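What follows is one structure encoded as structure tokens, with my remarks underneath.
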Amino acid sequence: MTPVEEHLRAEIERRGPIPFDEVVEAALYHPDAGFYATSGRAGRRGDFLTSPEVGPLFGAVVARALDAWWAEAGCPAVFTVVEAGAGPGTLATAVLAAGPCCSEALRYVLVERSAPQRAIQAERLALEEASAAFAGIAEPEGGGPDVVPPTGPIVVSLPELPGAPGPCIVLANELLDNLPFGLLERTAIGWSELHVGVDGDALVEVLVPTATEGWPAAPIGARVPCQTGASNWVWGALALAGPGSRIVAIDYASTTPELATRPWSEWLRTYRLHARGGPPLEALGSQDITCEVAVDQLPTPTSNRSQADWLRAHGIDELVAEGRQIWQERAPIGDLAAIRARSRVTEAEALCDESGLGAFRVLEWAP
Ligand SMILES: C[S@@+](CC[C@H](N)C(=O)[O-])C[C@H]1O[C@@H](n2cnc3c(N)ncnc32)[C@H](O)[C@@H]1O
């Protein structure tokens, strides 16, 4: 029995069967033994690949998007970007390496719940004290037009969303799919919520009847996720960021009625070491548990398009063309710049692949 299973077993003996989302919370984030609290992470040396981990091109496109939003906001002297679920800091590294025009104004706040991953960020990025990102711009004696803002980029890392960042961009790549979710099953008498109990040594499913309103019609045996974690996170981000902000979440996504038509093992997946893991109640804490995001359970986004469309709208084709040009010029030298430029072509193919990452949804909210 894993430490997470022992913890859950004690909890179930004390309280009776517990809702599935509490099991996901413990499996992923138990402070001593959860998957992300120990070794789990994105990356080639991790457990699964995400768009930032494909290579630096994704971050270069995000840098262009940041510049567009900064320009739209009138090029403010302070431009705050909060990256939630920032993992080991790969996206931040690529954004900063792309040298966006907003760099001097940029305060880049990485928010990551996992302590081991925050430690990796600290090795890869020149992090400053958290207070540096939220310090106001010092007005010179008597005010006046010559206000000199601190030169960015200022990069900081936090374990949770900052209190009141003011108008900002909140980015979240593959965060929502990793936030605790419940499970409902359609039975002969309506919808039931999946709880987890114990039977001997095993953790077992227990169905508890629940209210049926709001859930789609579905055949007996169909399951749907209940995405309280993802929905609460978006509502929280909207409340924190406030007017003039933009929340951008990128993830594999669908809708509740569509998920109800598919086998649940297709949209609730487990991963470890770049392979699919076992059933979700198996080896708790040693594998990732993730769920396609039911967009209809979130606050309604102002924009919902595919990752491929979003990347094209923010200039991925120009960056690939530029890469081809650099490769042609530098191929005889064969240096790192030449190799990096050439790899943009294959990175773009992976990022825009309509049967893979390109089909992810980019959801935007503008409070
Ligand atoms: C699938 S990983 C994605 C990492 C990275 N964004 C990427 O695309 O490679 C999800 C990350 O979100 C983190 N996470 C989960 N809940 C969080 C929360 N409430 N606040 C900050 N980070 C969180 C996890 O620890 C994990 O590192």
Exercise. Taking region 31-53 on its own, how many of its residues are under 20 Å from Leu268 (Cα atoms), assigned to a loop (DSSP other than H, G, I, E, B), touching a helix residue (DSSP H, G or I) at 6+ places or on another chain (Cβ under 6 Å) and not hydroxyl-bearing (Ser, Thr, Tyr)?
Worked result: 3
Seminar exercise, completed: Picked from region 249-273 (must be of a type in the set (Lys, Arg) and at pLDDT 95 or above), the residue surrounded by the fewest Cβ atoms within 10 Å (Cβ to Cβ) is Arg262
For this session: Could you grab the pairs with beta carbons closer than 6 Å, sequence gap of 6+ or different chains, first residue in region 329-348 and outside any helix (DSSP H, G or I), second one not aromatic (Phe, Trp, Tyr)?
Result: Ala331/Ala338
Exercise. Restricting to strands (runs of 3 or more DSSP E) lying wholly in region 174-232: which have 1 or more residues that are of a type in the set (Val, Ile, Thr) and closer than 26 Å to Trp365 by Cα?
Worked result: 223-226
Exercise. If we keep just the residues of region 182-199 that are of a type in the set (Gly, Ala, Ser) and on the phi < 0 side of the Ramachandran plot, which is surrounded by the fewest Cβ atoms within 10 Å (Cβ to Cβ)?
Worked result: Ala188
Exercise. Any idea which of Glu329, Glu347 is surrounded by 13 or more Cβ atoms within 10 Å (Cβ to Cβ), out of contact with any Lys or Arg (no Cβ under 6 Å at 6 or more places or on another chain) and either at positive phi or among the acidic types (Asp, Glu) (or both)?
Worked result: Glu347
Exercise. Of the residues that sit in region 61-88 and are in a helix (DSSP H, G or I) and either within 15 Å of the ligand (Cβ to nearest atom) or acidic (Asp, Glu) (or both), which one is surrounded by the most Cβ atoms within 10 Å (Cβ to Cβ)?
Worked result: Val62
Exercise. So Asn304 clears everything in (1) in a strand (DSSP E or B); (2) in contact with a Leu (Cβ under 9 Å, 6 or more places away or on another chain); (3) within 16 Å of the ligand (Cβ to nearest atom) except one condition, right? Which one?
Worked result: (3)
Exercise. Inside region 89-133, can you point out the residues that are touching a strand residue (DSSP E or B) at 6+ places or on another chain (Cβ under 7 Å), in contact (Cβ under 8 Å) with a residue 60 or more places away in the chain and in a loop (DSSP other than H, G, I, E, B)?
Worked result: Gly89
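The values are calculated or read from the model by the stated rules, or taken from the named source; none is laboratory data. Because the structure is predicted, anything quoted here is derived from the model rather than measured. Note that each Cβ is placed from the backbone with ideal geometry, even for glycine, and that neighbours are counted across all protein chains shown.
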